[in-house]
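J.: Attaching a single structure in structure tokens format; questions to follow.
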Amino acid sequence: MHSRNLPVLFVYLSLTAVFSDVFADDYTDARAELVAAYQQADYAAMRTAARKALAARPGYPGALFNLALAQALDDDPTASLQTLRDLSSVGVDFGVADREEFAGLKDLLDWSEYEAAVRRLYEPIGVAEIVATLDTDDFIPEGIAVDSDGRFYLGSIHHGDLVRIGESAETLSTPKNGHWSIFGMRFDEQGGLWFASAAIPQFAEAEEDIGDSGLFRYDLASGELSEKALLLSFDDAHVFGDLVLAPGDVIYTSDSLTGILYRYSLESADFQVVVDRNVFVSPQGLVLDDTAQFLYVADYVGGLYRVRLETGEIDKVTIEANVTDYGIDGLYRYGNELIAIQNGIRPHRVIALTLSDDGLSIIAVRTIASNLDEFDEPTLGLVSGDDFYFVANSHWNQFDADNNLPEGLSGPIILRVSLLPD
């Protein structure tokens, strides 16, 4: 998840602003060394620190970029170009062509090949159909759901409205009902729509309740909220970014600020910690495996993990395919594939990650959609049969430093793509 008060992947010269120091680990220690070396123009030490950061977070695009920058500043253009090529090979670009620090790389024989590889990254991939739109330019959508009649539901980050799009659009719930910005949403077996909500700075009506979060259930039959489960910000600010409904009247939700994974029991109406803080940095998308014994978690800056729900045991998913697992927002399952929306790297894309038989490795990848005309920070989606529906243009990246939006944005666009292999 990207520009929503969460760590971002684009790490350039403003290195000190990238990560919160709440998470004291080897990576943040190495990053502090890197920043200090950069400020002192000690580029050899910067390279050493960049290597430490990369060892702490292998394959992390921000760490690779910082290494490429250190190598360029340390007068080693050949090594810098190779690091940038490693990034482009997994589909990541940091837009270095116009940056002065990398000017020396352009004299290398392999520079033109690298430029061509970057151009290929930005070629549109996939065939998508626009299935629904909403004519509200500052809506800023996040979560999406669809009912049995094919009507779509969107939640607004900016206004906190829950909207249904059928033959026309209708607002079902507003913050007057006690919720805030709306994030992930899912239907339960009874047809109730659960959604995660949080009071964040981008919420237009944000006041003293910034940092409060909760789970809410909208009952379609009555048109009212039938359940409210609040986690208030007494000691910590919270943002429930996604949720997944599990057997046994249990909901799992990810807190993207504290990194905590919660289990909410409908029977006892309480939150329990499944994975405590300081494990995940910014957990986003959640999806159960086909046995419902394991939960896959997309950590925006930590990659993919699998949690054994009975014990809370955590395994890092190994990446054996030529792809990065960082910057994943929405996460879903299609057979033995994980469908991931990546908006924490450039270009943005929807990819299918093939799981190994034991579910602990990614052994293949295919790109479903990338760099389409409608894209402007795609966020969440849903799998329906062999189709994938998702929000193409959340406009999260359009908020300025004061959380204001520019005029003239396009309203929300929902796209459909086929998940069937070509």
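Any read-out appearing in this document is the output of simple, stated calculations on the displayed coordinates, not a laboratory observation. Just so we're clear, the structure is a prediction, and the values are computed from it rather than from any experiment. For neighbour counting, all protein chains shown are included, and Cβ atoms are generated from backbone atoms with ideal geometry for every residue, glycine included.
J.: Give me a comma-separated list of calculated 3J(HN,Hα) values for region 309-319, in order, Karplus coefficients 6.51, -1.76, 1.60 applied at θ = phi - 60°, integers in Hz, x for any Gly or Pro.
T.: Going residue by residue, I get 5, 5, 10, x, 5, 10, 10, 7, 6, 7, 9 Hz, with x marking Gly and Pro.
J.: Gaussian network model of the chain, Cα springs within a sub-10 Å range: biggest mean-square fluctuation belongs to which of Ser88, Ser168, Ser384?
T.: Of Ser88, Ser168, Ser384, the Gaussian network model singles out Ser168 as fluctuating most.
J.: Still on this model: Ranked highest first by average number of other Cβ atoms within 10 Å, how do 101-114, 234-247 line up?
T.: The peptides rank, most packed first, as 234-247, 101-114.
J.: For a paramagnetic label modelled at 7 Å from the Cα of Phe234 toward its Cβ, which residues of region 263-291 fall within the zone defined by backbone nitrogen distances under 19 Å?
T.: Counting backbone N atoms under 19 Å from the label point, the list is 263-265, 268-274, 276-277.
J.: Which order do peptides 69-78, 125-134 fall in by mean Cβ count within 10 Å, highest first? Let's see the in-between values first.
T.: Details: 69-78: 19.8, 125-134: 15.8.
Final packing ranking: 69-78, 125-134.
J.: Shifting gears a bit: Can you give the relative contact order of the chain as a percent, counting alpha carbon pairs under 8 Å and 6+ residues apart? Can you show the working numbers first?
T.: Numbers: 1003 pairs, mean separation 59.3, N = 422.
It comes to 14 percent, rounded to a whole number.
J.: Here is a follow-up. Evaluate region 98-244: find the radius of gyration of its Cα atoms, find its Kirkwood radius, and give the ratio Rg to Rh. Please report the intermediate quantities before stating the final value.
T.: Details: Rg = 21.0 Å, Rh = 17.8 Å.
Looking at region 98-244, the ratio lands at 1.18.
J.: Hey, what D do you get for region 15-121 in µm²/s if you plug the Kirkwood alpha-carbon radius into Stokes-Einstein at 37 °C and 0.692 mPa s?
T.: On the way: Rh = 14.0 Å.
This corresponds to a translational diffusion coefficient of 234 µm²/s.
J.: If we sort 415-421, 347-353 on the protection proxy, mean other Cβ atoms within 10 Å, highest first, what's the order? Working shown, then result.
T.: Values: 415-421: 15.7, 347-353: 23.1.
Top of the packing list down: 347-353, 415-421.
J.: Which of Val383, Ala352, Trp396 sits closest to the plus end of the dipole of region 129-418, meaning its Cα is farthest towards the positive end, when Lys and Arg get +1 and Asp and Glu get -1 on the C-beta?
T.: Result: Ala352.
J.: Okay, moving on. List the residues whose amide H sits under 5 Å from the amide H of Val275, counting only those 5 or more places along or on another chain, with H placed 1.01 Å from N in the peptide plane.
T.: Amide H neighbours of Val275, under 5 Å, 5+ apart: Leu261.
J.: For Lys176, give me every one of the lysines with a C-alpha distance below 28 angstrom, ignoring sequence neighbours fewer than eight places off in its own chain.
T.: Within the straight-line limit of under 28 Å, Lys176 reaches these lysines: Lys228.
J.: Relative to the longest principal axis of the C-alpha atoms of the chain, give the angle of the C-alpha long axis of helix 77-89, reported between 0 and 90° and rounded to the nearest 10°.
T.: 30 degrees
J.: How big is region 50-110 on each of its three principal axes, counting only the C-alpha atoms and giving the largest first in Å?
T.: Rounded to whole Å, the extents work out to 32, 24, 18 Å.
J.: Let me ask something additional. Radius of gyration and Dmax for region 250-320's Cα atoms, expressed in Å?
T.: Values for region 250-320 (Cα only, Rg and Dmax): 11.6, 41 Å.
J.: Please work out the C-alpha center-to-center distance from region 357-422 to region 68-129 and express it in whole Å.
T.: 24 Å
J.: Then there's this: Mind checking which lysines have their Cα closer than 30 Å to the Cα of Lys52? Skip sequence neighbours fewer than 8 apart in that chain.
T.: Once the sequence-local lysines are set aside, what remains near Lys52 is Lys106, Lys316.
J.: Here is a follow-up. For the chain, modelled as a Gaussian network with Cα springs under 10 Å, which listed residue fluctuates most, Gly259, Gly385, Gly155?
T.: Residue with maximal mean-square fluctuation among Gly259, Gly385, Gly155: Gly385.
J.: Still on this model: For region 236-379, would you read off the P(r) tail past 28 Å as a percentage of all alpha carbon pairs?
T.: Numbers: 1589 of 10296 pairs.
Cα-Cα pairs in region 236-379 separated by more than 28 Å: 15 percent.
J.: Something else now. Can you show me the helix-derived [θ] at 222 nm for the chain, built from DSSP H runs with n ≥ 4 at -39,500 (n - 2.57) apiece and divided by the number of residues, rounded to the nearest 500.
T.: Numbers: 5 runs with 65 residues, N = 422.
Helix-only estimate at 222 nm: -5000 deg cm²/dmol.
J.: Quick check: the angle from helix 111-121's long axis to the longest principal axis of the chain, C-alpha only, nearest 10 degrees?
T.: 10 degrees
J.: Okay, moving on. Enter the angle in degrees (range 0 to 90, nearest 10) between the Cα long axis of helix 61-73 and the first principal axis of the Cα atoms of the chain, meaning the one along which they spread out most.
T.: Roughly 20 degrees, rounded to the nearest 10.
J.: P(r) tail for region 341-414, what percent of Cα pairs lie past 22 Å?
T.: 34 percent
J.: So for the chain, Kirkwood radius off the Cα pairs, Stokes-Einstein at 10 °C and 1.306 mPa s: how many µm² s⁻¹? Let's see the in-between values first.
T.: Details: Rh = 22.0 Å.
The estimated diffusion coefficient comes to 72 µm²/s.
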